[in-house]
Each structure stands twice: as C-alpha cells, then as structure tokens.
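One structure below.
Where a number appears in this text, it was derived from the coordinates with a stated rule and is not lab data. Since the model is a prediction, treat every value here as computed from it, not as a measurement. With ideal geometry, Cβ positions are generated from the backbone for all residues, glycine too; neighbour counts draw on all protein chains shown.
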Amino acid sequence: MDESGEPPSSEATFDGIYAALQRVSALVATDSGPKEICDAVAHEMARLTDADAAWIVHFNSGDFILLPGIWPPAELSLPIGTRQEISDELRLARDAAVPYRVDTLDPEATGPFVEEALRLGIVASLGVPIFLHGQVWGLGVVTLLRQGSFSDSHERSLAHFLELVSPALASSQALTEARQADEGQRAFSSVAGLASADPQSDELFRAIAVEASRVIQGVPVTLVQFTKGGTEAKVLAVSGGHIEVGRTFPTPDDSIVARAARSGRPERIDDYPLRSIEGAAGPLDVRAAVASPVTLGNEPWGALAGFSDDGILPPDAEHWLSLFAAIGSAAISGWKARSDLRRLSEEQTALMRVADLVARRRSEPELFDAVAREASGILDHVAIVLFRLADERTMYVVASHGGPIPVGTRLEIPKDDGGDFDQLILTLLRRELGKGETDAADQIGSHALGLGFSVSVPVVVDERVWGRLSALGETEPLPASTAERLERFAEFVAPAIAASDAQSAVDRLAEEQASLLRVSEAVARGMPLHEVFETIAIEASNLLGGVATSLMQYDSSGAATSVSAYRSPAPIGLQVPSDAHGIGDVFRTGRAVRVDSFEGTNLAGVARELDVLSGVAVPITVERMIWGTLTASSSGSPLASDVEVRLEKFAALAAVAIANAQNKEQLVASRARVQATADEARSRVQRDVHDGAQQQLIQTVLALKLALAAATRDEPTDGLITEALGYAERATSQLRDVVHGILPVSLSRGGLRAGLESLIVDFPVPVRLDFDAPRCPSEIEVTAYFVIAESLTNVVKHAQASRIEVGVHIEDGQLVVTIADDGIGGADPSRGSGMVGLNDRLQAQGGALAIESQLDRGTSLRATLPIAVTQSDDPSAPSDT
Amino acid sequence: MSPVRVLVVDDSPSFRSLAIRILADWGYEVAEADSVGQALDRANELRPTAVLADIGLPDGDGFHLTERLLDLPWPIRVILISSDSDAGNGFEAQRSGASGFFPKDELLSDELRELLDRD
C-alpha cells in the first residue's frame, strides 16, 4: 500500500514487476509451500497496483473458489475454499479473457464475496485473468478500501506480472494437488489394504468414512446403504460421532444421496436447503452436502456423503468422495464375492453330505430328507418341501423340512387350471409367488397351507422333470437370492437323486427277483396251493415295503373271496360282491384299479371297519381267465405311485405260481383217481377170478379128487369126471371174460380198429364206426379204446339213443376220437365219475376232452390225444404189441 | 354117540352142494347156509358140532362169523376155508378162535376130517 495515501496513478515499472517476480521465484526456488508462494503472489499483486488487498480465485464451471494466496492475510475473513456463483458479467469477462472491474457494487449482488466486500468497505476491485495452459484458470483480484479506482497502467502491470508468475502458480498448484493426491493415496491405500484383508465389513466401512473425512479436511462423512428400494438409507459407518450407526433416514428425491443415486455421479449442494437431521447429540443442521454413489454391479447400493453445518466444503470434496466411494464399491463387491464363495462352499458341503448318503446307499426317504434339510440349511433355515412328480398330474411330498405339508401328501394337478400347472410342473420354469397371489400353485402348498411366499424350482433328473423343490415363507418375503440359490442347489443335487434313483431301481429289481424267486421256489417245492397263496401275499407285501396285501379269488360271477392276506386287517374268507368298487372293476376290465378313498362307494362300510383308506388291485390271469386279484391297501398315506406297476409285474408271476400249483394239485388228484381206478380194476379182477374161475377150478380139483378116490375103490367115476369137466369149462369161460375186461385181446393184437370192431359187434345200440387212422403207440390206442368203450357204456346207460357214430382219425398230429349219439342229451361233464375218469385217462396222455350235450339234441364227445414222438416211423406199420 | 353135525357156510351153491355131498359121504349130518346171518340162525336152530365156513361171505367174513359162533353158550368148533391158500388166512383164523383153516381144494384132506371128528 502506498504510504502517501494517494490513489495509484503511475504505471509500475518493469523493474518493479521484475523485482516482484524475483521475490516470488526465490520462494519457489527454496521449495516453499504453495500457500507461502500464493501469499507472496498476492502481496506482489497489491504492491504493483497500490491495492489495499489482493487474492486469487480459481474458476470452476459455474462458480469460483477462493484459493490460498491472500494479502494481507489477517484482513480477509473468508476461508479458503469459499465459493460464489459466477455472475453474468464475470462470465462474459472470463469467456472473453479480459480484465473485470467493479467500481460500484451492484446492490442486487449476493454471495460470500459480496458480503465480505460490504463488510470490508471495498470501493473498487479489479480482476485480471490468470492463464494456465492457455486457458483462463482464475483471476488475480486487487481491491481498494478507499475512494479511487485502478488505472489502466495498474491493469497492464498486473496482467504482465500474472503472465510472468503463472508458471510459478502452476507449479504451486501442481504441488498442492500432488500433496493432496499423495495424502489421498495414502488414505486410499490404507482402506484398500483393509478391504483386501477381508475385514469385517463394519471395520472397512468405518475406515472408508474416516479416511474420506480426513482427506476432505475433516468434513464429517457418513456411509449409508439404501434400503426399501432406495426410499430409505441406513447408516453403516460414520467418520466421527455425529450420527448413530444403524439409524435409518428417509431419502427424499431432493436429498443429496438420492441425487447421487439417480445421477450415478458425485453431487454437491453448497447452499443446501437448511435441513435438520437427527444427530447423535441432538439435531444437526446441514448447510452444504456432498455425496458420491456406492454401486454394486451397476445398481446403486448406497452412498458416501459429507455434511457440513457451516456450509463450507473443500473444492475437491466430490473428487475424493468419489474415490472412496469407488473403494467402497470395490470392497463391497469383493466382500459379496467372498460371501458368495463362502456360500458356495457351504452349498458344496451340503451337496457332499447328500452325495455321501447316496454313496452309503441310504434309503430314498433318508436321502430326500437330507436334500430338504441341506437346502434349508443353505437358505438360512427357511421351510423346504421336496415334491416328486409321479405322473403328469400327480405329485407327492417326499420330504419336508420345517414345512407344513406332511410327507406322503398326494397333490393332484387339476386338469382345468388353464395350463398354469403344466407350465409350472412340466417345464423348467421357476416360480416365485408373493403373498396374495392366487393361481394353481395353491395346490403346491403356498396359500392353501397358509403360507405367504414361495419359491419353487424344478428338479431335473435325466432330462426329465423329476419333481420340484420349494422354499416357503410364512410371513416374510424370501430373500431375493432364494430362487437362484435354490435353483443351483436343485441343479447340483439332481445327479445325487439320479444316482439314488438308479440304485433304488437296482435294489428294487433285486428285491423283486428275490421275491419272485421265493415264490418260484415255493411252487417248485410242491407247496400246497393254500401255502402258495400265503407266500404270494407275504412276498407282495415285502416287495412293496410292508404294505397290507391280500389275494382274492373270483367265482364265475365276479364275486371275490380272500384266500390269503398279509399285514392286512381283511380276514381270509372275506367276501366282496361282484359289483364291489375297485375289486369288481378289476374282474370286469382285467385292469389294475386304484381307489384313493372308499368313502361314498359300496365298500365304504367294509373299508371303515377294516380301517382301509385307499388301495390298489391288480388282476391275476390264469389260463386266460381273470382268476383273482392281488390287492395292496393302506390305512394311512396313499400308496406310492408305482404300486400298480410293481404289483402287476408280481401278479404275472403269482399267476404262473397259482397255475402251476393248481395244475399240480389237479395232477395229484388225477393221479390219485387213476391209481384208485387201477386199484379198483385190480380188485375187480381179483374178485372176479376169486369168485368165478378160481371157485370153479377148486371144484374141478375136488371133483377130480373124488373121482380118483372112487377109481381106487373101483367105483364108477364118469359122473364125477363129467362134473369136474363142467367146472373146468366154466372156469375157462370166466377167465376169458376177466382177461377181456382187462384188455381185449383183439385190441392188443389187432390194434384199435380190431378192438373197436370187436367191441361193437354185439353192442345193444347200433354203432357205425368211421375209422381212418394208422396204428399208434399202444398207450394211445388203449386210451382211445377205453374212452370209446366208456362212452358207449354211458350212452347205453343214460342217453336213450337209437344209434351211435364213432369216428377215429388223425388231425394235426393228434388222434381224434368222436362219439355222437342221437339220444336225449343234457349230459353234464362235471358230474359222474365216468367222465372224470375219461378225463383223467386223456390228461395222463396229454389229451383233452370236449363234450357237447344239449337237451334233445344228443351228445357228442370229442377226445384228442397227441401222438407221442415214440410213434413208429411208419405210421401205418403195426406196433409191436 | 350122536353123529357129528356140520354146518357148511358158503355163498357159492355149487361149492356148497359139492361139500355137502362129500361130508355126507363121510357120515356127517350136514346143514347149509349162504351167509353170516343165515349161519347164525341155523347154528341156533341146529346146534351143530362144527361149522365149515368160507372166509368170504356176502354179509361179512368168516372171522367175524367165528367170533359170533364162539360166543354161543354151547361148545362149537369152527373151521374156516377159502379158495386162497394165503398163509395170512391161517393166522387170522387162529386169532379169531377158529379151530383151523383149509384151502378149499384140501376139503378131502385127512387133517380136516380129523378136526371134524375131534371131541
């Protein structure tokens, strides 16, 4: 300042400018701090222009900032960093790169610089552009506190000086920035170090807030996380104690954090509409605020914000906050990645536990339990239900962990659901339902079961939808990541289920084989029929895991009687009528029938009495007839979906076993009859011989002995010898009859034709024989002979026929015998031992008998006898008999 | 000494007639019956000394008849005969209390005659 008090009028000399420059350069050369250099520049500016005060401002885009470099230092009360909006006039001057003079203060003007000018009583001021790198970087401002104004020469001197001193200013600026950057870098490094060392997130968040605050000159910094869709912000960390951590604030649209979240860039509000926020120690007034978004991926996650209660924020606060916010974003991403990794590792462990169960060949229920339990474990213990798809429209709950639906619950998928279920069940879609949503998914256990929220994902095994895994939330929405995590778990667990499925299939096959083997062995051992029935019920039950089973036999009307039962409340001998629900249907249709509930059916009473809720019945077909039914029943949960298939397979074997046992039983009975017939024939022969020929021969002997005695006494013997001859002749005749009864000689000598011709010669009813067959093995001929002889005897006894036609011929390698009469008919093949005996004879030779006998239409009988391989090569050649 | 009275029991008329002729020739007083029932009636009626009975009869067998006859309150000898010479018949006859068994073709044997003549 000029000592004379005169207004500056003379142009500063070159020497003056040079001297000023030299003083500043000396400071630069001695590596003085930027503030000292700037202060020196301001001082020299005042000297050169005889000004009372001088300072330097730096242009930003919309405002200018007071920089270090003030002279006289004590005079100006504005803090460094004070900003003011650029007025239109100043902008024009800046853009035109010309000096800017204010000789009279605009009474309308506002701003901290205006207020300071009024306070100091500044009369005139002059701002001269400072160029840096060819751009208007700022202004060197000189002011007068007394009447007067700055001359053009002042202006030229100042411009000259500032032009020369700008490199020094530039280096000072660079130095400042470098130092700040250095400090920031150190803070940044320390925070980044924390982040990489996997700190507790609280510690990291606090470090971010504290370091950011330090770098922006102690402005309190708060790290918030957006909640409730960004409408609120939760305080995660603070640099000091100004706000409580954990507190939640609303984030209206005009708040600084909402603006930063919206723009995705740092935001700054210097003239913050005065807001009072609830601080830790009472209300805090916010006059200026700066915030930078913290993002996760591309989404706003939170913000790092600085609040100033005095309206003053460092000029580069956005810059630094954005840097620390970036560290925050990176750290949070890393932290999330690590927790994802941890989660993944938890999932891996869970999956390994499931796989281990498969490897140890644990049962399916155990495996499914484990799947539900582990899925719940990795999803923070939400309720989990595992559904298995039985067929297109049926699902079963196979495991439930904390879920409200009991295992075994069967869910029918409605047919008229408009395709929602098809989409849900049969496709690979995942489904998330919120509270109040109603659709077909009710059925899978959300709303119908009082649950509010569910996420359901498909379990795909061998490229088919095997079932669904559902997470259920009662009151709270499930976390957003649930679907993705459940889907991943389902995907990973599918191979374990597939392996278990395969194992179960193998086990089941082995079980089936074992059961079948036991039944086959039972038959092979010649087990009586009733024991075969028992074995079938027991093994069917074992096969199906111990369910109640029973074997029922149909009569010709379709009414069924229980012939064996196992683990079943149904007693042996239980009879159900032919129209019985389910069991009657099996008889009528020959197909498996499933009954899920007997309520409302004609078996409801019986079912209630026996405590049977549901059942499956499959047919047993023996020799092309529906012989009976094998049933499985349950008093509790419905039978598994594959019961029909497994029971049907088993029933096929049971049918063979029953047929074998029945045949065997019939064979035994037939053998016994054959034996009895043979025994009877023998005793008849014995009786005939004993009572007849033998008696006659004894009398012959006695008569001859008497004759011999008479001869020795010389008495006449003629009478006695004649008597003996009579006895002997009768004996011969009777023996002939007996022998003929055993086997006609004509048959054994001349074959079937000769035997038959002999038989019919004196037959009481005329017989016409049509014989066209070669000689056959004797057992065939003898059988055919007796079938014809017996039939002819029956005709004479019962038919009242006037003629009989007998045919014998060969057909398809079989000897076919037909006997037809014109009698009264009405013969019942099931009655009369004669017919049974014929049948036995024929069956013993592998033959068969068919009879047709309608009232008044005569009787015709057809017997077939396969000609055994023992047949002689030339069928026309006589046999060796 | 009263003559030995013999009852011949057999369902074959021709054998009965032959046997009666032989026994009568031997000097016995002979009666006949064709069944167990008739034999018991005739025995009560005639009180024979001995009964010569066939094992096979239409309404029972000779063993049964023997037991019934021996139950009568007077002494009686029963000799069983049969067309068979089966040794089993001898043992069974003995067990039933019969005095002997003879195949029918040994009707003329001395042993039978001795048995009939025994007191």
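Some observations on this one:
- Between residue A:714 and residue A:348, the simple spin-label model (points 7 angstrom out along Cα→Cβ) gives 13.9 nm.
- In nm, spacing of pseudo-spin labels at residue A:492 and residue A:737 (7 Å Cα→C-beta vector): 10.1 nm
- For the protein assembly as shown, the Kirkwood radius over C-alpha pairs fed into Stokes-Einstein at 20 °C and 1.002 mPa s yields D = 50 µm² per second.
- In this Cβ point-charge picture (+1 for Lys and Arg, -1 for Asp and Glu), the protein assembly as shown has a dipole of about 1300 debye about its Cα centre.
- Secondary-structure-derived ellipticity at 222 nm for the protein assembly as shown, considering helices only, amounts to -14500 deg cm²/dmol, per-run term -39500 (n - 2.57) for DSSP H runs with n ≥ 4.
- Farthest positive-ward along the protein assembly as shown dipole, Cα basis, beta-carbon charges - from A:352, A:844, A:113: A:844
- Centroid-to-centroid separation of the stretch A:455-522 and the stretch A:583-627 [C-alpha atoms, Å]: 30 Å
- With the convex hull of its Cα atoms as the shape, the stretch A:743-866 has an orientation-averaged projected area of 6.8 nm².
- Separation of the stretch A:125-153 from the stretch B:35-57 is 177 Å, based on Cα centroids.
- What the Cβ-Cβ distance of residue A:19 and residue A:265 gives, at R0 = 41 Å and to the nearest 0.05, is a FRET efficiency of 0.30.
- Protection proxy ranking of A:781-787, A:218-224, A:563-569, A:628-634 - average other beta-carbon atoms within 10 Å, highest first: A:628-634, A:218-224, A:781-787, A:563-569
- Counted residue by residue at 0.36 nm each, then reduced by the alpha carbon distance between them, the extension gain from residue A:276 to residue A:298 reaches 4.8 nm.
- Long-range amide H partners of residue A:574 with built H, under 5 Å: A:562
- Working ranking of peptides A:373-379, A:844-850, A:226-232 by packing, defined as the average number of other Cβ atoms within 10 Å per residue, highest first, is A:373-379, A:844-850, A:226-232.
- Modelled FRET efficiency - R0 22 Å, residue A:664 with residue A:521, Cβ distances, 0.05 increments: 0.95
- Neighbour net charge for residue A:764 - beta-carbon separation under 14 angstrom, K R +1, D E -1: 0
- Calculated FRET efficiency, residue A:394 to residue A:763, Cβ-Cβ distance, R0 = 60 Å: about 0.25 to the nearest 0.05.
- Using θ = phi - 60° and Karplus 6.51 cos²θ - 1.76 cosθ + 1.60, couplings along the stretch A:402-411 (whole Hz; Gly, Pro as x): x, x, x, 9, x, 4, x, 4, 9, 10
- Shape of chain B, Cα gyration tensor, a/c cut at 1.5: rounded
- Length available on full extension from residue A:609 to residue A:26: 0.36 nm per residue minus the Cα-Cα distance, which gives 198.3 nm.
- Number of partner chain Cβ atoms within 10 Å, mean per residue of A:146-153: 0
- Chain B: antiparallel DSSP beta bridges as a percent of all, rounded to 5: 10 percent
- Computed label-point distance, nm, for sites residue A:502 and residue A:203 using a 7 Å Cα→Cβ extension: 4.8 nm
- When +1 charges are put on Lys and Arg Cβ atoms and -1 charges on Asp and Glu Cβ atoms, the dipole computed for the stretch B:15-117 relative to its Cα centre reaches about 220 debye.
- The stretch A:525-564 and the stretch A:241-256 have Cα centres lying 78 Å from one another.
- Loop GluC sites (Glu not before Pro), the stretch A:84-157, which have at most 10 other Cβ atoms in a 10 Å radius of their Cβ (DSSP): A:108
- Among A:595, A:661, A:238 - extreme Cα towards positive end, dipole of the protein assembly as shown, charges at beta-carbon: A:661
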